[in-house]
Amino acid sequence: MEILNELLEKYQVRRTKAQKTAFLEFAQEACAKRGYEARIEEYKGSRKSRNLVAGDPEKALVIFTAHYDTCAEMPVPNLIFPKNMPLTFLVQMPLVLVMLALGLGTGLLLWHVTGNELMYSLGFLTVYFGLFALIFFGPANRHTANDNTSGTASLFRIMEMLPEDQRKKAAFIFFDNEEFGKIGSQQYAKAHPDIKKNALIVNLDCIGDGQHFLIVAPKKKDEALEKLLLDSFQDQGEHKAIHCSAKNTHYNSDQLAFTKGTAIAACRKNKLGYHVPRIHTRRDVICEESNLEYVCQGAVKMVDFLEVSWGNRK
């Protein structure tokens, strides 16, 4: 997949303002080559976001999304078990305990040296929250193949796969600042309340590593949408479609800002269950082209199945 290779070679790190600007300039050109006019929507707030919007989301029958920003490097993977939140917390707890231990150790050492209880508190708080801040503001992870170069590349691929007579049915949004608490998607949803409430959103996040694809429908039951997803994404060779609901599957990404947001994520499976491996570390180097093709083919089927009447559903 040519677009994937170009992203990995030239734009894999999209964290600083300059890195994001370079990507956005490239992305606008890439969208134009694929028949989509793209514009930047900029928002101010707790953190400035620049979302890239291609096509007309107000008129599209489906909006495909992915976050283009990338994360800081962590010493251990941000291991996620979407169908087992208690296990997710459990496997992440050792990192929290190490941070607490280092903070407490520093505080006790300062207290022992100075005899001042205030120094104990200052030492603990400085180390603990300093380590916590590194998770968000630390050195950029140089390897982002799965999170989320995979989803970003797929949006371009879907554009080029869509027949010309189908293109107006779809729009695309590249969200900023997902790694900082989904700020970009929340700002977009606030600015576009009708899209937030009524638009069909399909969010692609970490689809490059793993052969089990979670297709996570919104919490509110919608039989027509569930049938559409089931028809569009089916088992295909080694790729398995796991259809589920946000009622029992928590995938913490940009689709959560929208009432009809659907998430698609690739997982590995072991005795502990479905999980997203390696992300937020230098080991995030796997992005299988066959995975992206599987998801993109499903997306193109979805667009083909959608009729104009779908846009009138509320």
Exercise for the section: Hey, can you grab everything whose amide H is under 5 Å from the amide H of Phe213? Only 5+ residues off in sequence or another chain; H modelled, so Pro and N-termini drop out. Expected result: Lys240, Ala241, Ile242, Cys267
Completion exercise
For Asn5 and Val113, extending 7 Å from Cα along the Cα-Cβ vector and measuring point to point gives, in nm, a value of 5.4 nm
Completion exercise
Scalar couplings 3J(HN,Hα) for segment 90-98 by Karplus 6.51 cos²θ - 1.76 cosθ + 1.60 (θ = phi - 60°), nearest whole Hz, x for Gly and Pro, are 5, 6, 8, 4, x, 5, 5, 5, 5
Handout entry: Accessible area of the chain divided out per residue, in Å², using a probe of 1.4 angstrom
Key = 48 Å²
Problem - Degrees, to the nearest 10: 223-232 long Cα axis against longest axis of the chain - result: 90 degrees
Handout entry: Where trypsin sites (Lys or Arg not before Pro) fall in DSSP loop in segment 1-48, at most 13 other Cβ within 10 Å
Key = Lys44, Arg47
Completion exercise
Taking Lys and Arg as +1 and Asp and Glu as -1, residues besides Gln255 with C-beta under 10 Å from its C-beta add up to 0
Exercise for the section: Would you look at the GNM of the chain, springs on alpha carbons closer than 10 Å, and say which of Phe26, Phe258, Phe213 moves the most? Expected result: Phe26
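May I ask you to give the percent of accessible area on segment 61-108 that is carbon plus sulfur, with a probe radius of 1.4 Å?
82 percent
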Exercise for the section: Would you work out what percent of the accessible area of segment 121-169, with all protein chains in place, is carbon or sulfur (probe 1.4 Å)? Expected result: 66 percent
Exercise for the section: Report the local net charge at Pro57: Lys and Arg +1, Asp and Glu -1, summed over other residues whose C-beta lies under 15 Å from its C-beta. Expected result: +3
Practice task
Along Cα→Cβ, 7 Å out, is where each label goes; now give me the distance between the ones at Val96 and Phe26 in nm to one decimal.
Solution key: 3.7 nm
Problem - Rounded percent of accessible protein surface that carbon and sulfur make up, segment 176-304, 1.4 Å probe - result: 50 percent
Fill in the blank from the handout: The Cα extents of segment 161-309 along the principal axes, largest first and rounded to whole Å, are 42, 35, 30
Handout entry: Charge context of Glu289, other residues only, Cβ under 11 angstrom, K/R +1, D/E -1
Key = -2
Practice task
Report, as a whole number in µm² per second, the diffusion coefficient that Stokes-Einstein gives for segment 52-179 at 4 °C and 1.567 mPa s using the Kirkwood radius over alpha carbon pairs.
Solution key: 71 µm²/s
Fill in the blank from the handout: Percent of all Cα-Cα pairs per 20 Å bin for the chain, counting from 0 up to the last occupied bin, reads 32, 54, 12, 1
Practice task
Provide the convex hull volume over Cα atoms per residue for segment 139-204, in Å³.
Solution key: 95 Å³
Practice task
Could you bin all the Cα-Cα distances of segment 182-253 into 5 Å bins starting at 0 and give me the percent of pairs in each, rounded to whole numbers?
Solution key: 3, 13, 22, 25, 19, 12, 5, 1, 0
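The values are calculated or read from the model by the stated rules, or taken from the named source; none is laboratory data. All of these numbers come straight from a predicted model, not from anything done at the bench. Cβ atoms come from the backbone with ideal geometry, glycine included; neighbour counts cover every protein chain shown. For the accessible areas, the whole protein counts, side chains as well, though only heavy atoms, and no ligand, DNA or RNA atoms are used. Shrake-Rupley method; radii C 1.70, N 1.55, O 1.52, S 1.80 Å.
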